[in-house]
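The values are calculated or read from the model by the stated rules, or taken from the named source; none is laboratory data. What you see is a predicted model; the values in this text were computed from it and never measured. Quick reminder, even Gly has a Cβ in these numbers, built from the backbone with ideal geometry, and neighbours come from all protein chains shown. In case anyone asks, the SASA skips ligands and DNA or RNA and just uses the protein heavy atoms, side chains included. Shrake-Rupley method; radii C 1.70, N 1.55, O 1.52, S 1.80 Å.
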Amino acid sequence: MDNNELLRIVDVEYLHDYTMKLEFNTGEHRIVDFKPLLKGKYREPLLDLNNFIQFGLTSWTLEWYNGVDFAPEFLYEHGTAVA
């Protein structure tokens with residue numbers, strides 16, 4: 001990845017509960033457990049799984065039905081590398 005290129009999420013696979021497998025534009029994959037990240041007024045509604053699964057992939061990250069998103073760098077840091 002070029003030093004001037006921003007980190008982006010290019011694919012997402014919902015696994016179970018609050019866990020997703022993310023693919024980044026670097027070609028790396030990370031497993032992210034979102035449950036501990038769902039704190040605060042706007043993120044807490046996502047603790048309801050019916051709300052959590054209402055997400056979409058934008059041109060750079062995930063976004064939920066209520067406008068909540070996370071920076072790709074934040075998700076990369078909180079994810080576990082997939083071998």
query = If you compute mean projected area of the Cα convex hull in nm² for the structure shown, which of [x] 5.4; [y] 7.6; [z] 10.2 do you land on?
reply = [x]
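Taking only C-alpha pairs under 8 Å that are 6+ residues apart, what is the relative contact order of the chain in percent? Working shown, then result.
Numbers: 121 pairs, mean separation 24.2, N = 83.
29 percent.
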task = Rank these by accessible area, largest first, 1.4 Å probe: T61, T80, T26.
result = T80, T26, T61
inquiry  = Take A83 and K35, extend 7 Å from each Cα along the Cα→Cβ direction, and tell me the distance between the two endpoints in nm.
reply    = 2.5 nm
key: Label zone at S59 (point 7 Å along Cα-to-Cβ), backbone N below 18 Å, the range 23-43   = 25-26
remark   = Once all protein chains are kept in place, Y14 shows an accessible area at probe 1.4 Å, nearest 10 Å², of 80 Å²
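Would you work out the charge dipole size for the range 2-83 about its Cα centre, treating the Cβ of every Lys and Arg as +1 and the Cβ of every Asp and Glu as -1, and quote it to the nearest 20 debye? It would help to have the intermediate numbers written out before the result.
Numbers: 7 positive and 14 negative charges, 61 e Å.
The dipole magnitude comes to about 300 debye.
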ask   = Once Lys and Arg get +1 and Asp and Glu get -1 on their Cβ, which of Y18, A81, T58 lies farthest toward the positive end of the dipole of the chain?
value = Y18
